[in-house]
Protein chains: 2
Amino acid sequence: MENNIIQKLIDEKKYFEIRKYLNDLNIVEVSELLNQFESSELIMIFRLLSKNRAADVFSYLDSEHQEMIIKTMTDVETKNIFDELYFDDIVDIIEEMPSNVVKKILKNTDAKDRHTINLLLKYPDNSAGSIMTTEYMDLKKDMTASSAIFKIRDVMEDMANVYTCYVIDEGRRLEGVISLKELITSKDDEPIQDIMNKNVISVHVNDDQEKVAEIIKKYNLIVLPVTDDENRLLGIITIDDVMDVVEQEATEDFHRMAGISPVEESYLKTSAFTMARQRISWLIVLMISATFTGRIISKYEDVLQSVVILSSFIPMLMDTGGNAGAQSSTIVVRALALGEVDTKDTFKILKKEFLISFIVAVVLAAINFLRIITLTKTPLNVAMTVSVTLIFVVIISKIIGAFLPVIAKTFKMDPAIMAGPLITTILDALTLTIYFRFATMFLSNVIK
Amino acid sequence: MENNIIQKLIDEKKYFEIRKYLNDLNIVEVSELLNQFESSELIMIFRLLSKNRAADVFSYLDSEHQEMIIKTMTDVETKNIFDELYFDDIVDIIEEMPSNVVKKILKNTDAKDRHTINLLLKYPDNSAGSIMTTEYMDLKKDMTASSAIFKIRDVMEDMANVYTCYVIDEGRRLEGVISLKELITSKDDEPIQDIMNKNVISVHVNDDQEKVAEIIKKYNLIVLPVTDDENRLLGIITIDDVMDVVEQEATEDFHRMAGISPVEESYLKTSAFTMARQRISWLIVLMISATFTGRIISKYEDVLQSVVILSSFIPMLMDTGGNAGAQSSTIVVRALALGEVDTKDTFKILKKEFLISFIVAVVLAAINFLRIITLTKTPLNVAMTVSVTLIFVVIISKIIGAFLPVIAKTFKMDPAIMAGPLITTILDALTLTIYFRFATMFLSNVIK
């Protein structure tokens with residue numbers, strides 16, 4: 001829609017109108033629009049943006065479009081844009097660019113900024129340091145409320161967040177926090193140290209981003225300060241970045257639970273070949289594991305030959321066991337991810353899953369037994385064998401399904417790996433073993 | 001740990017020290033501590049809190065602890081607390097309380113507030129209205145920047161967010177938005193209408209909370225205004241509430257994909273009986289569906305009798321098909337949830353999945369074929385049958401796995417329902433049908 005309007009205006013060379021049209025749009029909408037254009041037209045439209053909007057729009061563009069723009073921009077233009085961007089955005093952009101573009105970006109940055117960028121780039125992936133930015137508002141405790149507000153007014157344009165200010169000493173050590181709201185309602189000559197909150201919640205620069213998300217959620221924060229070993233303030237993390245973390249972590253769990261290696265790019269942007277690679281390793285592992293399940297069937301071939309009808313219950317038993325186990329593992333993986341339970345709750349979890357599985361197993365077995373004897377001509381002893389197997393399979397599946405993620409967490413592995421296909425494969429083998437054991441026990445008289 | 005300290009102080013009747021200890025803690029930490037005490041001690045500690053902290057602490061308590069406190073509080077105490085709470089929190093609390101407690105709460109609220117509460121309670125679950133609050137900062141466009149700041153200072157104590165102010169006309173229709181940052185940096189006599197942003201992003205009160213989350217994320221907002229059909233401002237939604245929505249929606253998808261009905265409470269708080277109920281319905285449906293898969297095996301009993309070894313490949317084929325399909329459905333469900341793809345991308349998705357599945361299928365079949373002929377004594381024609389089946393099964397599973405969620409979305413159903421166990425059951429039946437068809441085709445000479 002919108003790109004048609006712009007295309008028409010380009011064709012008619014009505015540049016003034018394009019400019020006017022773009023100025024009425026929200027920055028995010030302008031970037032969405034630009035993402036639909038290619039090279040030369042993209043640059044043309046981008047140059048029509050007012051200077052103060054250009055950097056904002058730029059930060060929302062796809063990395064390939066950002067690359068095209070940087071490549072065609074002059075050094076001065078590049079500098080103008082990167083001077084306006086926050087450091088966390090610059091770092092995100094740099095991480096996506098080829099080395100010649102990175103060089104051009106760094107060449108057009110002040111030595112001091114370049115130092116900050118290099119520092120931020122060094123923090124390990126998924127650490128607090130890797131998602132923080134350094135444009136925080138700092139105050140000194142001997143300032144008065146009015147002098148603080150004066151300082152804030154002066155520098156607020158460059159700050160990522162001015163509504164939460166941090167009080168630091170001469171060594172940049174974090175001493176307190178105060179909101180702009182508190183400053184505005186304080187008396188003009190009130191010293192900051194009397195109104196600031198000394199109990200500051202912060203994270204260490206090496207803390208995992210999952211911990212950052214947990215703390216932001218737990219304390220209902222909009223901004224969280226990041227400090228080093230000496231409690232020196234290094235940066236801040238804002239809640240919108242944490243929202244990305246929360247979604248990213250959930251996506252990782254979804255993918256792991258389906259046996260897919262972590263995917264960085266979005267679906268449509270990842271090539272089919274890359275995607276195939278991300279999916280195939282687990283499929284190979286699981287395919288080979290499943291052949292062991294097949295061996296169990298081969299081993300009991302004589303049982304199946306004697307009581308042929310037994311084989312028709314195999315899919316039902318395998319599926320029900322797998323599903324029962326997947327339910328428990330999913331519930332536990334998610335509860336662990338949300339912090340609702342922890343490894344110290346292992347006993348409580350197992351007790352609860354045992355109770356749940358007992359209720360579920362008995363109901364399922366009853367329904368199954370009734371269905372078999374009323375709707376099919378299956379002999380009673382076979383119906384019994386299948387139903388008793390079902391009870392054991394459901395209970396064992398649920399306990400194992402709940403236990404494996406907790407075990408994984410105890411050994412500092414990702415619990416999500418223990419849910420989904422891996423558990424199904426393990427449970428398949430278990431189910432068949434239980435089934436054939438019971439069959440040989442209960443049906444010994446008919447088995448040759 | 002902390003509750004031991006408090007318990008000791010209680011036993012020693014050192015109330016002043018408890019008070020001092022609690023005052024040094026963060027509000028969230030105080031509420032965590034209180035959640036560990038029961039009735040009489042809980043009330044005792046809660047009464048030691050300073051008046052301005054009591055309401056905040058109260059809003060973070062478990063609903064059962066909130067209930068205990070309300071039940072023992074006097075009318076005046078109840079009123080003091082509820083006067084301090086934001087309406088969205090009051091509504092959340094009321095929804096969890098038994099009717100006698102709700103009566104007590106409403107009795108101790110002003111007629112005007114009661115009206116607002118009743119209005120908020122009426123919005124459907126998961127709508128923007130159900131998560132918004134009404135304590136927003138509104139301004140008029142003919143105010144000057146300094147008179148606006150004056151008004152803000154005056155009422156900010158009661159506002160959920162004062163950093164984003166909304167400009168409304170006499171009919172409360174939304175005309176613009178302006179941040180406190182912009183107000184502070186403006187000239188004192190600058191009229192609001194000259195500095196406000198007229199392009200306000202808002203949601204309708206009946207919009208789904210998922211849409212709210214999408215918009216907050218897309219436009220990087222901290223606060224989002226909620227309006228009615230006439231564009232009248234009704235309330236605001238803050239990003240911390242949206243974070244809960246994002247997690248809740250992801251949890252729902254996790255549970256649906258494992259065949260579990262939505263669970264409202266956290267894991268340890270839900271009874272085993274409730275949990276069993278939430279899990280059993282899908283297990284029954286899937287157990288019965290799986291019997292159809294069993295019938296396919298019965299139908300081809302003669303084939304299995306003739307070439308007994310065929311049965312040992314059944315688990316591997318079923319599992320691989322299921323896993324391949326689950327990968328695709330999970331990827332597509334998550335991409336749909338994150339807005340990376342939409343139903344209009346159906347063709348692109350199917351094309352991509354076809355390519356991926358082709359690569360994956362060929363590699364898996366090759367590995368499988370080599371494994372069978374080198375490690376087992378399986379006849380060549382059986383190895384061929386299994387491998388060709390594998391190729392078809394993987395391709396079809398991936399295409400169906402990707403297609404069903406998109407179809408669900410097209411018909412306004414939750415795509416997550418189409419992933420997980422349901423798809424596995426469908427694919428199991430398909431896999432066996434394909435397998436036996438190929439077996440009868442390729443092995444006709446050996447089948448009696």
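Can you confirm whether the stretch B:230-247 contains a residue that is free of Cβ contacts under 8 Å to residues at least 60 places away in the same chain, closer than 30 Å to residue B:428 by Cα and either touching a strand residue (DSSP E or B) at 6+ places or on another chain (Cβ under 8 Å) or surrounded by fewer than 16 Cβ atoms within 10 Å (Cβ to Cβ) (or both)? Checked against the condition, which is being free of Cβ contacts under 8 Å to residues at least 60 places away in the same chain, closer than 30 Å to residue B:428 by Cα and either touching a strand residue (DSSP E or B) at 6+ places or on another chain (Cβ under 8 Å) or surrounded by fewer than 16 Cβ atoms within 10 Å (Cβ to Cβ) (or both), the stretch B:230-247 yields no hits at all. Pairing each residue of the stretch A:60-71 that is not assigned by TED's automatic domain parsing to the domain that holds residue A:35 with any residue that is open to solvent by less than 40 Å² (accessible area, probe 1.4 Å) and part of a helix (DSSP H, G or I), provided the two are 6+ apart or on different chains, yields no C-beta distance under 9 Å.
Does residue A:216 satisfy being assigned to a loop (DSSP other than H, G, I, E, B), surrounded by 22 or more Cβ atoms within 10 Å (Cβ to Cβ) and within 9 Å of chain B (Cβ to nearest Cβ)?
No; evaluated as a whole, the condition is false for this residue.
Quick check on my filter: what residues within the stretch B:62-87 are farther than 16 Å from residue B:98 by Cβ and either open to solvent by less than 20 Å² (accessible area, probe 1.4 Å) or not β-branched (Val, Ile, Thr) (or both)?
B:75, B:77, B:79, B:80, B:81, B:82, B:83, B:84, B:85, B:86, B:87 - these are the residues of the stretch B:62-87 that are farther than 16 Å from residue B:98 by Cβ and either open to solvent by less than 20 Å² (accessible area, probe 1.4 Å) or not β-branched (Val, Ile, Thr) (or both).
Within the stretch B:315-329, no residue satisfies the criterion of being among the β-branched types (Val, Ile, Thr) and open to solvent by 10 Å² or more (accessible area, probe 1.4 Å). Being farther than 24 Å from residue A:37 by Cβ, open to solvent by 60 Å² or more (accessible area, probe 1.4 Å), at pLDDT below 90 and part of a loop (DSSP other than H, G, I, E, B): is that true of residue A:142 here? For residue A:142, the condition - farther than 24 Å from residue A:37 by Cβ, open to solvent by 60 Å² or more (accessible area, probe 1.4 Å), at pLDDT below 90 and part of a loop (DSSP other than H, G, I, E, B) - is not met.
Within the stretch B:276-286, the set of residues being open to solvent by 70 Å² or more (accessible area, probe 1.4 Å) and of a type in the set (Gly, Ala, Ser) is empty. Checking each residue of the stretch B:2-18 against the condition of being over 30 Å from the mean Cα position of the chain (by Cα), without any contact (Cβ under 8 Å) to a residue 60 or more places away in the chain and within 13 Å of chain A (Cβ to nearest Cβ) gives no match. If you go through the stretch B:430-448 and keep only what is small (Gly, Ala, Ser) and open to solvent by 30 Å² or more (accessible area, probe 1.4 Å), you end up with just B:444. Exactly one residue out of A:306, A:328 is more than 7 Å from every other protein chain (Cβ to nearest Cβ), in contact with an Asp or Glu (Cβ under 7 Å, 6 or more places away or on another chain) and touching a residue at least 40 places away in the same chain (Cβ under 8 Å): that is A:328. Which numbered condition in (1) out of contact with any helix residue (DSSP H, G or I) (no Cβ under 8 Å at 6 or more places or on another chain); (2) within 18 Å of residue A:225 (Cα to Cα); (3) not in a loop (DSSP other than H, G, I, E, B) is the only one that residue A:162 fails? Here residue A:162 meets the rest and fails (1). Residue-level analysis places residue B:359 among those that are part of a helix (DSSP H, G or I), free of Cβ contacts under 8 Å to residues at least 40 places away in the same chain and touching a Lys or Arg at 6+ places or on another chain (Cβ under 9 Å). Within the stretch B:172-182, the set of residues being within 19 Å of residue B:222 (Cβ to Cβ) and either in contact with a strand residue (DSSP E or B) (Cβ under 7 Å, 6 or more places away or on another chain) or more than 14 Å from chain A (Cβ to nearest Cβ) (or both) comprises B:174, B:176, B:177, B:178, B:179, B:180, B:181.
Which ones in the stretch A:145-167 are surrounded by 20 or more Cβ atoms within 10 Å (Cβ to Cβ) and away from chain B (no Cβ under 11 Å)? Result: A:145, A:148, A:160, A:165, A:166, A:167. Check the stretch B:381-394 and report whether any residue there is without any contact (Cβ under 8 Å) to a residue 24 or more places away in the chain, surrounded by 21 or more Cβ atoms within 10 Å (Cβ to Cβ) and of a type in the set (S, T, N, Q). Among the residues of the stretch B:381-394, at least one is without any contact (Cβ under 8 Å) to a residue 24 or more places away in the chain, surrounded by 21 or more Cβ atoms within 10 Å (Cβ to Cβ) and of a type in the set (S, T, N, Q), which makes the answer yes.
Does residue A:124 satisfy the condition of being more than 13 Å from every other protein chain (Cβ to nearest Cβ) and open to solvent by 50 Å² or more (accessible area, probe 1.4 Å)?
So residue A:124 passes the test.
Across the stretch A:227-254, the qualifying residues are those that are facing chain B (nearest Cβ under 7 Å) and more than 10 Å from the chain's Cα centre (by Cα), and the one among them that is modelled with the highest pLDDT is A:239. For residue A:187, are the conditions met, namely being outside any helix (DSSP H, G or I) and either open to solvent by 30 Å² or more (accessible area, probe 1.4 Å) or in the same structural domain as residue A:113 (by TED's automatic domain parsing) (or both)? Yes.
Can you find even one residue in the stretch A:347-364 that is at the interface with chain B (Cβ under 7 Å from one of its Cβ atoms), modelled with pLDDT of 90 or more and farther than 24 Å from residue A:429 by Cα?
Taking every residue of the stretch A:347-364 in turn, at least one turns out to be at the interface with chain B (Cβ under 7 Å from one of its Cβ atoms), modelled with pLDDT of 90 or more and farther than 24 Å from residue A:429 by Cα.
Quick check on the stretch A:365-383. Is at least one of its residues part of a loop (DSSP other than H, G, I, E, B), more than 30 Å from residue B:436 (Cβ to Cβ) and more than 8 Å from chain B (Cβ to nearest Cβ)?
Here is the first cut: in the stretch A:365-383, the ones part of a loop (DSSP other than H, G, I, E, B) are A:376-379.
Imposing the further condition that a residue be more than 30 Å from residue B:436 (Cβ to Cβ) reduces the set to none.
No - not one qualifying residue is present in the stretch A:365-383.
The residue that is farthest from residue B:421 (Cα to Cα), among those in the stretch A:413-422 that are crowded, with 24+ Cβ neighbours inside 10 Å and within 11 Å of chain B (Cβ to nearest Cβ), is A:416. Residues in the stretch B:334-378 that are charged (D, E, K, R) and open to solvent by 50 Å² or more (accessible area, probe 1.4 Å) were compared, and the one that is nearest to residue A:287 (Cα to Cα) is B:377. Any residue in the stretch A:296-308 that is surrounded by fewer than 19 Cβ atoms within 10 Å (Cβ to Cβ), touching a helix residue (DSSP H, G or I) at 6+ places or on another chain (Cβ under 7 Å) and under 30 Å from residue A:407 (Cα atoms)? Within the stretch A:296-308, one or more residues are surrounded by fewer than 19 Cβ atoms within 10 Å (Cβ to Cβ), touching a helix residue (DSSP H, G or I) at 6+ places or on another chain (Cβ under 7 Å) and under 30 Å from residue A:407 (Cα atoms). Within the stretch A:255-270, the residues that satisfy the criterion of being open to solvent by 50 Å² or more (accessible area, probe 1.4 Å) and either at the interface with chain B (Cβ under 7 Å from one of its Cβ atoms) or of a type outside the set (Lys, Arg) (or both) are A:262, A:264, A:265, A:268. Among the residues of the stretch B:20-30, are any in contact with a Leu (Cβ under 8 Å, 6 or more places away or on another chain), crowded, with 19+ Cβ neighbours inside 10 Å and at pLDDT 90 or above? Yes, because at least one residue in the stretch B:20-30 is in contact with a Leu (Cβ under 8 Å, 6 or more places away or on another chain), crowded, with 19+ Cβ neighbours inside 10 Å and at pLDDT 90 or above. If residue A:273 passes every condition in (1) open to solvent by 10 Å² or more (accessible area, probe 1.4 Å); (2) modelled with pLDDT of 85 or more; (3) farther than 30 Å from residue A:364 by Cβ; (4) more than 8 Å from chain B (Cβ to nearest Cβ) but one, which one does it miss? Just one mismatch for residue A:273, condition (4).
The values are calculated or read from the model by the stated rules, or taken from the named source; none is laboratory data. Please read these numbers as outputs of a predicted model, since none were measured by experiment. Because the Cβ atoms are built from the backbone with ideal geometry, glycine has one as well, and the counts that use them run over all protein chains shown. Only protein heavy atoms, including side chains, enter the accessible area calculation; ligands, DNA and RNA are left aside. Shrake-Rupley method; radii C 1.70, N 1.55, O 1.52, S 1.80 Å.
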